[in-house]
Amino acid sequence: MPKHEKTDIELLRTWTLPSKATLGSAVRAHGILLEMRARLPISLKKSLVLDSGELVLSMPAEAKPEFHAAAAIVSAAMTDIESLPVIPREIQDILTIKPAERHRWLADGRLPSAGTRTVRLAGRARQITFHVFHPRVVEELLDSGAVDEWREDDVAAAAENRRRAAYKAKLTRSLKKGSRSPSPDAGSGEAKAELTGWEEFRRDGFLR
């Protein structure tokens, strides 16, 4: 027998993340891992990892009480994992959209919010608040191809806005040009001064 034979047996348990929970997104899967870790005691957070679409909890054999406690927490959280709200970076990855698109569609109501969440940045006193989204709504948007339609609508709206802006600019230039043009009566004073016989007409008293 080897002099330093390993006698510890590692405790191991895994949970498969369903596709209805991850929505095909590695970013979403990592977000679920972080959510699960947030529910564990600080000393046990790093014992839970993500490996090939599975949550893996592993600890040394002597940590059996802690292992069972952590496993119970994760198992309880897994029961409603499919309804876990989708956060901004996750929806951007799932729908392949940019932050500007997310903000625009959220503002005009096309992307419905499921509420807001406030978190404190790691190591800082500052808090941030952001909108979250219902996973079933995100799934429906993904399956329906609504994002492509929204982009086409945005392109058409942008073209219409450019057309209106160009027309407004043209109209403004036309009005400015018209205000600088001489009036029909301009030069009438010079024309009167050039009338022949005007002085004789005035001397004869016809204006009195």
* Looking at Leu50, Leu34, Phe67, which one has the Cα that reaches farthest to the positive end of the dipole of segment 8-82 (charges on Cβ: Lys, Arg +1; Asp, Glu -1)? -> Leu34
* Structure fact -> Env charge @ Gln127, Cβ radius under 14 Å, K,R +1 / D,E -1, value +4
* Could you give the semi-axes, largest first, of the ellipsoid that matches segment 85-178, computed as the square roots of 5 times the alpha carbon gyration tensor eigenvalues and rounded to whole Å? -> 37, 20, 9
* Extending each Cα 7 Å along its Cβ direction at Ser179 and Asp153, get the distance between those two points in nm, one decimal. => 3.9 nm
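Read-outs throughout are calculated quantities, based only on the coordinates presented, and are distinct from any laboratory measurement. Computed from a prediction, not measured in an experiment: that's the story for all the values here. With ideal geometry, Cβ positions are generated from the backbone for all residues, glycine too; neighbour counts draw on all protein chains shown.
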